[in-house]
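The values are calculated or read from the model by the stated rules, or taken from the named source; none is laboratory data. Predicted model, so just to flag it, every value in this text is computed and none were measured. With ideal geometry, Cβ positions are generated from the backbone for all residues, glycine too; neighbour counts draw on all protein chains shown. Keep in mind that these areas ignore ligands, DNA and RNA; they rest on the heavy atoms of the full protein, side chains included. Shrake-Rupley method; radii C 1.70, N 1.55, O 1.52, S 1.80 Å.
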Amino acid sequence: MVEMPKRYDPHEAEKKWMEYWEKEGIFRFDPKIKERDKIFAIDTPPPTVSGTIHMGHAFGFSQADFIARYKKMRGYNLFYPFGYDDNGLATELFVRKIKGVLPRDMSREDYVKLVLEVTEKAEREFEKLFKRMAMAFDWNLVYRTISPEVTEISQLSFIELYEMGRAYRKEDVTIWCPSCETAIAQVEMEDRKEKAKLYYIRFDVEGGESITIATTRPELMPACVAIYVHPEDERYRHLIGKRAKLPIFGREVPIMANEDVDMEYGTGVVYHCTFGDYADIEWARAFNTDIIIVIDKQGRMNEKAGKYAGLTVREARERIVEDLKKEGRVLKEEDVEHVVNVHERCGTPIEFRVTKQWFIRYLDLREKWLELGRELKWYPEHMRTRYENWVRGLKWDWCISRQRKFGVPFPVWYCKRCGEIIVANREQLPVDPFKDKPLEPCPKCGSTEFIPEQDVMDTWATSSLTPLINAGWEGDNKGELMNTIYPMDLRPQGHDIISFWLFNTVVKCYLHTGKLPWKATMINGHALDPHGRKMSKSKGNVIDPREVMDKYCADALRYWASGTKLGDDLPFQEKDVQTAMQLINKLWNASRFVLKHLEDYRPESSRASVVRAEDAWILVRLSKVIKEVTELFEAYEYAKARKLTEQFFWYDLCDNYLEMVKQRLYNRNAYNEEEISSAQYCLYHSLLAVLKMLAPIMPYITEEIYSYHSRQVESKRSIHEASWPSPEPWWENGEVEQKGNVVVSLLSAIRQFKNRNRMPLNAEIKELILPEELKAACKEFEPCIMETAKVKKIKYGDVSSPSSILEVEGEEYPVEMRV
């Protein structure tokens, strides 16, 4: 056995084991093992290739990796792929930032080439990070959501959905981002509170009367199609059916009754513009109003805005208010705070425009989505509420088309003569409609001239297929690994994308296979700054995980990530990684001590080898912690599992048992062979179990220590291929545990007595007098007490001059120590 060095170099160990795991294929999936119950398949979240590496990656991916490594050690054939989500708006925004170019500045072909070049470089940085963080991915199972293989699967999905009647194209009101110049889905909106002005504007009404509306968006006046009042509002009931004239524009609109009007807000009068919010869309359908769109795709006023054409929304608002004031139409202004819908990618307030888009019809299956959510196992369970709230709040079918140049193209053309939709044959996939042509003439008119679909698919339309991508899906429920890994066992992800990724994956995979894509999902929270705030560059509080690993190490960062229960957010506190470093140092030093005394030991599973009471006690404690930690990992409670393991290591093993056996280890000549072997047996199994229980969380230090002794003993290439610790049935002994706990408290009281009296810990206690009630607990442990605390004699009886008070199960017992 090679002797362990005095000091542990974490950065040297990281480099060594990263290379070793990769070279030996420790985490490589074995396709020869087909039995489904022997495989644990994880649907890894592909990070968005946006160039920004942050603590959120370290936090969420570490927590998923704790479970992956645990399952590997439970003997599962681990299927743990890795992917890059590199075809969405976030990627385009990243390229714009790096290269300073917009898609409209280049040809489609040149722009796609540029994006691929930039993203490949960013992907290499992600790979470096995740390898250094000891993520147990199989790097032979890497996919990109823009690759030809994935493009084929995404296009095949579209074709199947089109044939089902689920994918359809229509001209309708869509949610639009003026900055990104594309339609977006409902899921891509988020609410943001903003301060605004509520303007009270007077309209003239036929017959010489007037009516005053209150709005935060006067720039939409040229799109006004109606004015609404509540039918029970006595103030305005007599105006229903009359017409009001728009200030500035002079056009007349009807005054109509609408029970949706809030009589308490503003003046109780609503002016209906197409479109300011979702209510405007609902009312346009309910009242069959005209639709007037005054904002173009870049967020500027169009020709229907008259003299305000060409202005931005903000500029138009200011100009129109200025002109209304000149006419004496603005009666009042109020400062308000209201919620604005913005695009989650760029933070731009969204608009509503009428455009032709591709949709997936799924609103009719709302109850099915809720049912599937209940079938899925959630860790933690309360996260299901977020899923259900999202499903119940759905108002739109899923818009999957985007007005971009970079992305998975629709496998679609339009007949130039008659406009018929032509969908590619499956044999053509993957297809680029700009370069390729349909295999047959137009089935409607026979023309052979076609116009390619200009739009690309939303990135979520592809990334929602990751379980099928991983299974090599070929359509019609066929695929290389469909029967081997599908449904997958686990989907780990953040709580912020339940409505994005999780829901859409449930939708797509169910529509294609009739099954849930996974058996369970684990939902992580967010990494926050030390003050509990969300990290952002604008706040200057972003922490780079690479810097933390440079200063400390990867195990310390992973330790921090395990510091809270699944689903909770966690502030980054440097003291937590410092605590991890203390644990790493203690593990190293304790292991050096233990292994030094195991040089001549070969493990035996014989109860006869345990002959001392303190040895039986540590085995009981070990058995208990192994069972509890195993149950906690099974329940995805890695934080509690780590805490229990640490408590056993620091308190039971290091603070107590190592002190109890030191005399036997240092003075072997004073003990028989069975007593030495008994201590070695307990030390070996205790240390090995601690290393294995910490291995999912701190893989580098545990692998390093394991390599010095146990790897040779167990004949395993890695601690992560070793079996999970399992207690021997004969370790169980509740009576010994109870007695040992009393003795541990007694030894602690003796140490405190020596400290109070400024005595060295190896100072001799001539006589220890204990009450008769403690005899049953301590008698069997007398050799241990005398050796550990340097006690010459133990006596039971009356305690005349108590030195300490010992508390046992709520009862207090006096203890006398004579020196």
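Relative contact order, whole percent, for the stretch 257-407 stands at 16, derived from Cα pairs under 8 Å and 6 or more residues apart.
According to a simple spin-label model (label point 7 Å from Cα along Cα-to-Cβ), what is the distance in nm between Glu673 and Asp9? In this crude spin-label approximation the distance works out to 4.2 nm. A 1.4 Å probe, protein heavy atoms only, puts the accessible area of Lys508 near 10 Å².
Is the stretch 346-434 best put as rounded, prolate or oblate by its Cα gyration tensor, with a ≥ b ≥ c the root eigenvalues, rounded for a/c under 1.5, and otherwise prolate when a/b is larger than b/c, oblate when not? Show your work: numbers first, answer last.
Details: a/c = 2.33, a/b = 1.81, b/c = 1.29.
In terms of gyration-tensor shape, prolate.
Can you tell me what share of the DSSP beta bridges in the stretch 183-283 is antiparallel? A percent to the nearest 5 is fine. List each step's numbers first, then the result.
Details: 17 of 20 bridges.
The antiparallel fraction comes to roughly 85 percent.
Over all other residues within a Cβ to Cβ distance under 15 Å of Phe79, the charged ones net out to +3, with Lys and Arg as +1 and Asp and Glu as -1.
3J(HN,Hα) along the stretch 547-563: 5, 5, 5, 5, 6, 10, 5, 5, 4, 5, 5, 5, 4, 4, 5, 8, x Hz, from the Karplus curve 6.51 cos²θ - 1.76 cosθ + 1.60 with θ = phi - 60°, whole Hz, x for Gly and Pro.
Helix 366-375 and the long axis of the chain differ in direction by around 0°, with both axes built from C-alpha atoms. Relative contact order, whole percent, for the stretch 417-520 stands at 23, derived from Cα pairs under 8 Å and 6 or more residues apart. Residue by residue, the stretch 291-299 carries 3J(HN,Hα) couplings of 10, 10, 9, 10, 10, 8, 5, 9, x Hz when phi is fed to the Karplus relation 6.51 cos²θ - 1.76 cosθ + 1.60 (θ = phi - 60°); x denotes Gly or Pro. With R₀ set to 30 Å, the beta-carbon distance separating His531 from Tyr651 gives a calculated FRET efficiency near 0.40. Database remark: amide H of Thr182 closer than 5 angstrom to the amide H of Cys177 (H placed geometrically; neighbours at sequence offset of 5 or more, or on other chains; Pro and chain starts carry no H).
Which percent, nearest 5, of DSSP beta bridges in the chain are antiparallel? The antiparallel fraction comes to roughly 70 percent. Each other residue within a Cβ distance under 11 Å of Asp172 adds +1 if Lys or Arg and -1 if Asp or Glu, for a net charge of +3. Per residue, the accessible area of the chain comes to 43 Å² when a 1.4 Å probe rolls over the protein heavy atoms. With the cut-off at under 17 Å, measuring from each backbone N in the stretch 155-186 to a point 7 Å along the Cα-to-Cβ line of Val340 picks out 176-181.
Per residue, the convex hull spanned by the Cα atoms of the stretch 414-528 amounts to 137 cubic angstrom. Taking all protein chains together, Arg166, Arg717 sort by accessible area into Arg717, Arg166, largest first [probe 1.4 Å]. Under a 5 Å amide H cut-off, with hydrogens placed 1.01 Å from N, Trp518 pairs with Met488 among residues at least 5 apart or on other chains. Electrostatic bookkeeping for Asp65 treats Lys and Arg as +1 and Asp and Glu as -1; over the other residues with beta carbon under 11 Å from its beta carbon, the sum is +4.
Run lengths n ≥ 4 of DSSP H only: what is the helix-derived mean residue ellipticity at 222 nm for the chain, with -39500 (n - 2.57) per run over all residues, to the nearest 500? Intermediate values should be presented prior to the final figure.
Details: 25 runs with 305 residues, N = 819.
Computed mean residue ellipticity for the chain: -11500 deg cm²/dmol.
Taking a threshold of 19 Å on the Cα-Cα distance, which of the pairs Lys6/Lys586; Lys71/Lys377; Lys444/Lys508; Lys15/Lys38 fall above it? With Cα atoms farther than 19 Å apart: Lys444/Lys508; Lys15/Lys38.
Could you give the nm distance between label points at Glu732 and Ser447, where each point is 7 Å from its Cα heading toward the beta carbon? Reported label-point gap for Glu732 and Ser447 is 7.9 nm. Here each label is just a point 7 Å from Cα along the line to Cβ, and for Lys766 and Glu322 those points are 10.2 nm apart.
Pairs of Cα atoms under 8 Å, at least six residues apart: use those to get the relative contact order of the chain, whole percent.
Working: 1434 pairs, mean separation 116.0, N = 819.
Normalised by residue count, the contact order of the chain is 14 percent.
Calculated from the structure at hand, log10 I(q)/I(0) by the Debye sum over Cα atoms at q = 0.08, 0.10, 0.11 Å⁻¹ is found among (i) -0.71, -1.16, -1.43; (ii) -0.70, -1.05, -1.23; (iii) -0.82, -1.08, -1.22 as (iii). Along the stretch 689-696 the Karplus relation, 6.51 cos²θ - 1.76 cosθ + 1.60 evaluated at θ = phi - 60°, assigns HN-Hα couplings of 5, 4, 4, 5, 6, 8, 4, x Hz to successive residues, with x for each Gly and Pro. For Asn585 and His238, a Förster radius of 56 Å and the Cβ-Cβ distance give a FRET efficiency of 0.10, rounded to the nearest 0.05. Rounded to the nearest 10 square angstrom, Lys515 shows an accessible area of 100 square angstrom against a 1.4 Å probe. The C-alpha atoms of the chain define a longest principal axis, and helix 613-634 lies at about 10 degrees to it.
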